[in-house]
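The values are calculated or read from the model by the stated rules, or taken from the named source; none is laboratory data. Bear in mind the structure is a predicted one, so any value in this text is a computation, not a measurement. No Cβ is skipped: glycine too gets one built from the backbone with ideal geometry, and neighbour counts run over all protein chains shown. In case anyone asks, the SASA skips ligands and DNA or RNA and just uses the protein heavy atoms, side chains included. Shrake-Rupley method; radii C 1.70, N 1.55, O 1.52, S 1.80 Å.
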Amino acid sequence: MSADYKSSVFLPKANFPMKAGLPEREPEWLARWERIGLWRRLREQSKGREKFILHDGPPYANGNIHIGHALNKILKDVINRTRQMQAYDANYVPGWDCHGLPIEWKIEERYREAGKDKDQVPVIDFRAECRAFATEWIDVQREEFKRLGVLGDWDNPYTTMTFDAEAAIIAELGKFVVNGGLFRGFKPVMWSVVEKTSLAEAEVEYDDHTSNTVWVRFPVVASPRKELQGASVVIWTTTPWTLPANRAVAFGADIDYVVLRVGAAGEGSLARKGESLVCAEALVAELVETAAITAHEITARLKGRELDSTVLAHPLRGWEPAGRGYDFDVPLVEGHHVTTDTGTGFVHIAPSHGADDFEIGQKFGLDTPETVGPDGLYTGRVPGFVGLHVFKADKPVWEAIVSRGNLLARGTLVHSYPHSWRSKAPLIFRATPQWFISMDTNELRRKALAAIDATRFVPAQSRNRIRSMVEDRPDWCVSRQRAWGVPITVFVSKQSGEPLRDPRVMARIVEAAKVGGADVWFTADASRFLTPEYDPAHYEKVTDILDVWFDSGSTHAFVLETRPDLGSPADLYLEGSDQHRGWFQSSLLESCGTRGRAPYGAVLTHGFINDEQGRKMSKSLGNVTAPQEVCDRYGAESCACGWWARTTPRTCASGPRSSATRSIPTVACATRSAT
């Protein structure tokens with residue numbers, strides 16, 4: 001018979017239940033914290049202590065929080081509680097991002113469902129609906145974040161749509177206006193023909209897309225190389241719709257090219273016996289197979305640089321529906337981006353539809369027409385195709401090229417392609433007038449790189465990621481063709497086309513926005529801001545909206561620098577790794593452009609919640625778990641401990657106030673409930 005030790009084991013008696021019962025008990029704890037004014041008492045107790053400031057990256061106010069929000073907020077809460085217990089004054093001010101396309105898109109959906117056109121609604125009324133929508137979701141998200149047990153100044157958060165915030169954002173933009181950093185340029189930008197606006201890189205996601213591909217002849221018109229007489233240069237492209245915008249063909253200076261004479265072709269091949277085709281020697285086999293060429297010989301070999309000064313004909317030259325619209329010469333020019341990875345070793349250049357193409361166009365003085373309108377329709381600069389939507393243009397374009405005898409082959413390719421994060425529609429590069437912040441004027445790029453070097457990154461290798469982005473990034477496109485957001489408050493001279501850079505005018509706009517918000521830009525007469533110095537008849541008012549990343553990138557100015565319970569720069573910014581191209585970077589550029597330094601002393605990056613197959617949870621994949629369900633079933637504290645143990649580095653940079661590294665105890669996750 002086994003011994004019964006129960007009576008001999010003496011355990012301490014506790015006045016709390018042995019069963020956690022987190023889903024039931026956590027709401028009781030939260031209610032108690034409210035009753036005793038825990039947050040207020042912590043602030044009173046912390047007066048005079050050294051501050052620790054973790055600046056909250058604002059979530060977007062357009063729906064219930066998701067599992068990524070929960071991870072991010074709980075990690076911040078763990079760090080702030082740890083600092084508070086280490087005798088710092090760890091105030092935490094939550095915030096929300098309220099402007100921009102996602103909210104505007106939701107309001108537009110309501111109009112579409114009702115059969116209405118949002119463009120027929122007064123802009124002020126539309127903006128009011130957007131504001132009300134954001135306000136509603138802020139209230140919802142606030143309660144959801146509080147249910148996670150996150151302590152913060154929930155009664156006094158910041159939002160980007162308060163009048164003071166909008167005025168501050170306008171003031172920050174004004175600094176770039178006055179110092180010459182803001183300019184209007186004509187460049188290709190990532191464009192959504194569905195939302196009819198340019199998009200920031202952080203608003204773009206990449207997904208598989210099936211593109212039509214074509215191999216097209218560009219007949220040689222003239223060349224200093226006799227070997228090229230009567231030949232055709234062959235290009236390959238995955239965007240046939242851009243061919244009407246072609247203005248050049250690029251070669252690689254050090255690439256080996258050949259002239260290939262067709263001896264025979266298979267049934268159905270568009271290759272012609274006896275014709276000469278020019279392509280990269282390394283890609284001959286690929287071209288021969290694609291075009292079903294069954295016999296050929298190499299008649300000449302040339303280095304890429306030997307092709308210079310050769311002139312080609314556009315493949316649509318002589319196409320009757322276009323009149324003489326494509327009878328211009330197409331030069332062969334050197335291209336820095338040409339490779340022999342695939343295709344033919346030649347790249348067709350449409351300066352209106354690509355960053356590299358545009359750069360080459362500027363270098364060689366090529367025509368850069370505005371070929372596509374905001375709705376994706378060809379403009380009058382595309383003879384024979386005016387009014388055709390670019391998503392429906394591939395077939396009509398290649399059929400026109402076939403009629404001129406210049407299509408060699410076609411096919412399809414599945415590849416990673418940019419899509420709108422909101423509409424999920426494919427994007428295009430479109431040359432259009434936009435407002436940019438120069439990366440080189442006032443040495444913004446140099447200042448940003450220096451600030452990156454002066455910042456501590458956790459993990460350390462994340463510094464390399466953001467540094468490479470800033471090193472290579474083009475000028476910052478800050479204009480959007482939308483209605484909801486902070487407008488680009490700039491007047492442009494009708495005579496010179498230059499923006500008015502007068503600090504007195506900017507100051508009047510800022511003061512008006514403090515009283516009436518950014519709406520004042522749409523409702524007030526221009527004379528309110530321009531007189532007495534300028535005649536309003538000589539200026540036009542810009543109506544584009546600011547990139548929302550400029551809004552959130554300015555939060556250091558109207559949150560950290562204006563609240564006496566905070567300070568600037570922050571000790572820490574903490575977000576997911578996607579924010580290297582988002583909030584981390586926009587905050588860095590805005591602060592470096594106006595203050596010459598970063599708005600943070602340290603940047604900590606966390607990962608993402610994965611499903612059981614190791615895939616990132618996302619709504620599009622349908623593999624998300626709502627944090628509300630987790631709280632109801634297991635309690636928020638269970639998630640906090642598990643995530644903290646798996647995703648967060650054990651050290652955090654100190655920020656600007658100390659050179660010492662402040663360790664973060666792993667026990668912190670277990671103390672959230674006991675605070």
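Annotations for the structure displayed:
- Single match in Ile298, Ile349, Ile360 (criterion: open to solvent by less than 40 Å² (accessible area, probe 1.4 Å) and at pLDDT 95 or above): Ile349
- Sub-9 Å Cβ pairs linking a first residue in region 320-341 that is closer than 17 Å to Ala245 by Cβ to a second residue that is of a type in the set (Asp, Glu) and open to solvent by less than 50 Å² (accessible area, probe 1.4 Å), at least 6 apart or interchain, are Gly335/Asp357, ordered by first then second residue.
- Selection within region 471-497 - among the charged types (D, E, K, R) and part of a loop (DSSP other than H, G, I, E, B): Arg473, Asp475, Arg482, Lys494
- Just one residue in the set Ser416, Ser423, Ser468 is closer than 24 Å to Asp207 by Cα and part of a helix (DSSP H, G or I); that residue is Ser468.
- Residue within region 519-529 that is under 19 Å from Asp97 (Cα atoms) and either in a helix (DSSP H, G or I) or touching a helix residue (DSSP H, G or I) at 6+ places or on another chain (Cβ under 9 Å) (or both) present: yes
- Residues being within 15 Å of Pro157 (Cα to Cα), open to solvent by 90 Å² or more (accessible area, probe 1.4 Å) and part of a loop (DSSP other than H, G, I, E, B) - total across region 40-56: 0
- Val221 meets the conditions (1) modelled with pLDDT of 95 or more; (2) of a type in the set (A, V, I, L, M); (3) in a strand (DSSP E or B); (4) open to solvent by less than 60 Å² (accessible area, probe 1.4 Å) in every case but one. The failed one is (4).
- The set of residues in region 153-171 being open to solvent by 10 Å² or more (accessible area, probe 1.4 Å) and of a type outside the set (Phe, Trp, Tyr) consists of Asp153, Asp155, Asn156, Pro157, Thr159, Met161, Thr162, Asp164, Ala168, Ala171.
- For Ala598: the one exception among (1) part of a strand (DSSP E or B); (2) over 20 Å from Gly68 (Cβ atoms); (3) within 21 Å of the chain's Cα centre (by Cα): (1)
- Meets criteria (of a type in the set (Gly, Ala, Ser), over 24 Å from Phe558 (Cβ atoms) and buried (at least 22 other Cβ atoms within 10 Å of the Cβ)) for Ala70: yes
- Of the criteria (1) in contact with a helix residue (DSSP H, G or I) (Cβ under 9 Å, 6 or more places away or on another chain); (2) farther than 30 Å from Ile466 by Cα, which one Arg261 fails: (1)
- Of all the listed residues (Lys187, Lys175), the sole one being modelled with pLDDT of 95 or more, basic (Lys, Arg), closer than 28 Å to Gly582 by Cα and surrounded by 16 or more Cβ atoms within 10 Å (Cβ to Cβ) is Lys175.
- Check on Ala61, in contact (Cβ under 8 Å) with a residue 40 or more places away in the chain, open to solvent by less than 10 Å² (accessible area, probe 1.4 Å) and over 21 Å from the mean Cα position of the chain (by Cα): no
- Test: residue in region 509-522 that is among the charged types (D, E, K, R), at pLDDT 95 or above and open to solvent by 40 Å² or more (accessible area, probe 1.4 Å): yes
- Picking from residues in region 96-116 that are modelled with pLDDT of 90 or more and part of a loop (DSSP other than H, G, I, E, B), the one that is surrounded by the fewest Cβ atoms within 10 Å (Cβ to Cβ) is Cys98.
- Per-region count, region 599-658, residues among the small types (Gly, Ala, Ser) and at pLDDT 70 or above: 9
- Flag if Asp119 is open to solvent by 20 Å² or more (accessible area, probe 1.4 Å), more than 26 Å from the chain's Cα centre (by Cα) and on the phi < 0 side of the Ramachandran plot: no
- Criterion violated by Ala20 - all others in (1) open to solvent by less than 100 Å² (accessible area, probe 1.4 Å); (2) part of a loop (DSSP other than H, G, I, E, B); (3) at pLDDT 85 or above satisfied: (3)
- Condition met for Val178 (farther than 24 Å from Leu316 by Cα, in contact (Cβ under 8 Å) with a residue 40 or more places away in the chain and β-branched (Val, Ile, Thr)): yes
- Against the criterion of being surrounded by 23 or more Cβ atoms within 10 Å (Cβ to Cβ) and hydrophobic (A, V, I, L, M, F, W, C), Val486 qualifies.
- Hits in region 385-417 (condition: in contact (Cβ under 8 Å) with a residue 24 or more places away in the chain, open to solvent by less than 60 Å² (accessible area, probe 1.4 Å) and more than 30 Å from Ile293 (Cβ to Cβ)): Phe385, His389, Val390
- Region 543-561, residues that are modelled with pLDDT under 95 and surrounded by fewer than 17 Cβ atoms within 10 Å (Cβ to Cβ): Thr543
- Among the residues of region 598-614, just one is polar (S, T, N, Q) and closer than 14 Å to Gln579 by Cα, namely Thr605.
- Close pairs from region 573-600: first within 17 Å of Glu201 (Cα to Cα), partner crowded, with 24+ Cβ neighbours inside 10 Å and aromatic (Phe, Trp, Tyr), Cβ under 6 Å, at least 6 apart: Ser586/Trp549
- Region 301-341, residues that are part of a loop (DSSP other than H, G, I, E, B) and small (Gly, Ala, Ser): Ser309, Gly318, Gly323, Gly325, Gly335
- Residues (assigned to a helix (DSSP H, G or I) and either modelled with pLDDT under 95 or of a type outside the set (Val, Ile, Thr) (or both)) located in region 155-172: Phe163, Asp164, Ala165, Glu166, Ala167, Ala168, Ala171, Glu172
- Within region 79-90, the set of residues being surrounded by fewer than 22 Cβ atoms within 10 Å (Cβ to Cβ) and aliphatic (A, V, I, L, M) comprises Met85, Ala87.
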